[in-house]
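See below for the structure under consideration.
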Amino acid sequence: MTILEAVRLLRTKKVSSVELTQLSLHRIARLNPRLNAFITVTEERALSRARQADEELARGIDRGLLHGLPVAVKDVFSTKGVRTTCGSKIFAGFVPERDAAVVERLEAGGAVIVGKTNMHELAFGVTSNNPHFGPVRNPWNLDRVAGGSSGGSGAAVAAGMVFMAMGSDTGGSIRIPASFCGVTGLKPTFGRVSRFGVMPLDFSLDHMGPLTRSVRDAAVALSVIAGYDARDETSSRDPVGNYLAEDNTSMRSVRVGVPTNYYFEKLDPAAERSVRQAAKVAGELGAEIVEVTVPDIAAINVIGRVILHAEAAALMEPYLRRREDFGPDVLALLDQGRLLAATDYVNAQRLRRLKLQEFIRLFADVDCLFTPTTPTAAPRLGQAWFEFEGEKEDVRLSSTRFVRAVNVIGFPAISVPCGLDADGMPLGLQIIGGPFQEALILRVASALETASGRLRLPEL
Amino acid sequence: MKNWRLIASGMNLGIPETNWELLAPVMDDLEAAFRPLISLIPFETEPAVIFQLFPHLP
């Protein structure tokens, strides 16, 4: 069931918020021992909110499309009085005294938060194989990872535990689990959604966004969480768009760029086929398909790694004497950051400005880009390498190869399910839009979803 | 290539000897990919770091 389907049932009194919340909690209780998607379940708080939501609806108070619906937030979002671990041992006992801006907006919109989702430690990785809280498992195949770092959010949505789960994305951490779990994941433009109250990984690359079962649901969620927040210095005053426009079936006058370089190298042929098929469908729906040469994505990825490692290491510096409290993969990344020179960080930020200008020039010719989200479907738990044409590639570098650059330039991007690989595991299509063009990429993604049908999620 | 062990030692980073087998090649690769990009930066290019002053704040 999607958000919009649940809203209809709720408004016609065929179901109550308490019933939906109880269903969500029962499903979490039944499936979490297998999936490990949640670190904390806030049953009491959720049921109290659900009762309040029902009372309000009965009195004619309607807070919007998320009113009364069970949702979850990744365990990086501060929740007043509820521990917020960031998936780490370092913050395992941290109980915030305030809510994150996103949590405030969700609750002001009537959403019922049922818990905090599991994740890669410190949001610094792509597998959510968490050494402190256990690995998140993929609902499509329990031996596969759910992706990361917002793996618990991806698994929770794919398993039908909640209608929407919030994630954060510093180098692909919403889009990768969306791709691996067969759900929709939206990374908005930098500044579109407030970062206030979110435990940071990287000050200039962190983005907040929803994971949902449909594109329209992502549009609903963005409508609730988007907007200016004076408490986040990087928050934008650009007006919030209409993300739920009526016409979501046509792509007339949309110029879809399909890269001729980089994005179709070193990947599963099934991933390439599925993206090219999506471009074909877009063309049939009226889009103009334009072959484009994209800027040097490999270089942008390197720039992104220098920025990320340096900022994350600076952030975690006070804790790095407690080496035994970090997982080995995260510790290795933080050590990389500490070895970088200050001049490298400054030069990476200078290069970032140049690459942003190159992307802005590219978007004079296209409205959006179609690329694979990841080169492959989800790897197995514990898998360290992928092999492409006889060459080994680290799972982290491979999984972020097509998504990291979008964080460096701050443009919005959405990952939507786009077929299955030979093992029946989901693949993702990434649609990248121009700055603050969330409405456009949501419309394009929704048209594709309407034309191709929603991916049937696994029975659990 | 840089001597990462020496840099870490000089900075007293406390990185155990056993970590270098994996860490050094990763740093070498990152350095090899990043260093050539620096020569592409026009002199006047400013970094994209955001810093704002709000006149209404004390």
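The values are calculated or read from the model by the stated rules, or taken from the named source; none is laboratory data. Here the structure is a predicted model, which is why all the values come from computation and not from measurement. Here Cβ is always computed from backbone atoms with ideal geometry, including for glycine, and neighbour counts include all displayed protein chains. Keep in mind that these areas ignore ligands, DNA and RNA; they rest on the heavy atoms of the full protein, side chains included. Shrake-Rupley method; radii C 1.70, N 1.55, O 1.52, S 1.80 Å.
Eigen-decomposition of the gyration tensor built on the alpha-carbon atoms of the protein assembly as shown gives equivalent ellipsoid semi-axes of 34, 27, 23 angstrom, largest listed first.
Compute the semi-axes of the equivalent ellipsoid of the range A:168-268, taking the square root of 5 times each eigenvalue of the Cα gyration tensor, and list them largest first in whole Å.
Those come to 24, 20, 14 Å.
Within the full protein context, the accessible area of A:Trp385 is estimated at about 130 Å² for a probe radius of 1.4 Å.
Within the same chain, lysines fewer than 8 places from A:Lys74 are excluded, and of the rest, those with a Cα less than 26 Å from its Cα are A:Lys89, A:Lys116, A:Lys187. With the convex hull of the Cα atoms taken as the outline of the range A:234-386, the averaged projected area works out to 12.9 nm². Once backbone amide H atoms are built at 1.01 Å from N, A:Phe38 has A:Asn118 as its partners under 5 Å, excluding neighbours fewer than 5 places away on the same chain. Applying the Karplus relation 6.51 cos²θ - 1.76 cosθ + 1.60 with θ = phi - 60° to the range A:364-370 yields 3J(HN,Hα) values of 6, 9, 9, 9, 7, 10, 9 Hz, where x marks Gly and Pro.
The Rg/Rh ratio of the range A:51-106, with Rg taken over Cα atoms and Rh as the Kirkwood radius over Cα pairs, comes to 1.11. Annotation: aspartates and glutamates with alpha-carbon distance below 16 angstrom to A:Lys13 (same-chain offsets under eight excluded): A:Glu5, A:Asp54, A:Glu55, A:Glu56, A:Asp62. Bridgeable aspartates and glutamates around A:Lys266 (alpha carbons under 18 Å apart, same-chain partners fewer than 8 residues away excluded): A:Asp296, A:Glu387, A:Glu389, A:Glu391, A:Glu393, A:Asp394, A:Asp421. Surface composition of the range A:298-449: carbon plus sulfur atoms hold 54% of the accessible area, using a 1.4 angstrom probe and ignoring ligands, DNA and RNA.
Overall, the accessible surface of the range A:1-99 at a probe of 1.4 angstrom is composed of carbon and sulfur to the extent of 51 percent. In the context of the full set of protein chains, the protein assembly as shown has a per residue accessible area of 39 Å² (1.4 Å probe). Taking only the alpha carbons of chain B, we obtain Rg and Dmax values of 18.1, 52 Å in that order. Whole-percent P(r), the range A:90-225, all Cα pairs, 10 Å bins from 0: 14, 47, 35, 4. Over all distinct Cα-Cα pairs of the range A:111-155, the Kirkwood formula returns a hydrodynamic radius of 10.3 Å. Using the Cα coordinates of the range A:129-171, the gyration tensor eigenvalues translate into equivalent-ellipsoid semi-axes of 15, 14, 9 Å, sorted from longest to shortest. Given R0 = 41 Å, the distance between the Cβ atoms of A:Trp385 and A:Ser452 translates into a calculated FRET efficiency of 0.80. Label point of B:Asp28 set 7 angstrom out along Cα-Cβ; within the range B:1-19, amide nitrogens under 13 Å from it belong to B:1-5. Assuming a viscosity of 0.692 mPa s and a temperature of 37 °C, what translational diffusion coefficient in µm² per second does Stokes-Einstein assign to the range A:161-203, Rh being the Kirkwood radius over Cα pairs? Rounded to a whole number, D works out at 286 µm²/s. Every pair of different Cα atoms in the range A:1-138 enters the Kirkwood calculation, which places the hydrodynamic radius at 15.5 Å.
Based on DSSP H segments of at least four residues, each scored -39500 (n - 2.57), the protein assembly as shown has a per-residue ellipticity at 222 nm of -12000 deg cm²/dmol.
Overall shape: oblate for the range A:383-459, with the ratio a/c of the largest to smallest alpha carbon gyration tensor axis at 1.5 or above and b/c at least equal to a/b. When the GluC sites (Glu not before Pro) in the range A:95-133 are filtered for DSSP coil states and for at most 13 other beta-carbon atoms within 10 Å of their beta-carbon, the remaining sites are A:Glu97. Normalised by 2.2 N^0.38 Å, with N the number of residues, the alpha-carbon radius of gyration of the range A:290-329 equals 1.80.
For the range A:21-106, a simple Cβ point-charge model (Lys and Arg +1, Asp and Glu -1, everything else neutral) yields a dipole of about 300 debye relative to the Cα centre.
Normalised by the number of residues in the range A:116-194, the average gap of Cα pairs under 8 Å and 6 or more apart makes the relative contact order 26 percent. Within the assembled protein chains, the solvent-accessible surface assigned to A:Ile61 is about 70 Å², based on a 1.4 Å probe. Converting phi to 3J(HN,Hα) with the Karplus coefficients 6.51, -1.76 and 1.60 and the offset θ = phi - 60°, the range A:427-436 yields 10, x, 9, 9, 10, 9, x, x, x, 6 Hz in sequence order, with x at every glycine or proline.
Rounded, prolate or oblate: which fits the range A:271-341, taking a ≥ b ≥ c as square roots of the Cα gyration tensor eigenvalues, rounded meaning a/c under 1.5, else prolate when a/b beats b/c? It is prolate, given that a/c is not under 1.5 and a/b is the larger ratio.
For chain A, what relative contact order do you get, as a whole percent, if you take Cα pairs closer than 8 Å and at least 6 residues apart?
Here the relative contact order equals 17 percent.
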